[in-house]
Every structure is written in structure tokens, then in C-alpha cells.
Amino acid sequence: MKKGFTLVEMLIVIAIIGVLAVAVLSAINPIEQMRKARDTRRKS
């Protein structure tokens, strides 16, 4: 067997990392929006 990764394997790994990054960011973002909404309510 050859050492290293094929292009297809690399693309699959990059796609999986991208999907995980989107999932994490979408999970974090609503928390940040709620914090901003609470801060603006507190300031007004």
C-alpha cells in the first residue's frame, strides 16, 4: 500500500470538518444573540 492520502479521502475529511464547524457555530451563535438581547434590554 502507498503511504499518504488520496484526494478523495482528503476532500471527505475536509467536508466532515466543515459540517462539524457549521454545527458548532450554529450552536454557539444563539447564545451570543441572547446575551446581546439581554444587554440591550438592560441598557434601555
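Derivation of every value follows stated rules applied to the coordinates shown; laboratory data play no part. The structure presented is a predicted model; accordingly, all values stated were derived computationally and were not measured.
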Exercise. Report, to the nearest 10°, how far helix 7-43 tilts away from the longest principal axis of the Cα atoms in the chain, using its own Cα long axis and a range of 0 to 90°.
Key: 10 degrees
Exercise. Scale the Cα Rg of the chain by the rule-of-thumb value 2.2 N^0.38 Å and send over the ratio, two decimals.
Key: 2.09
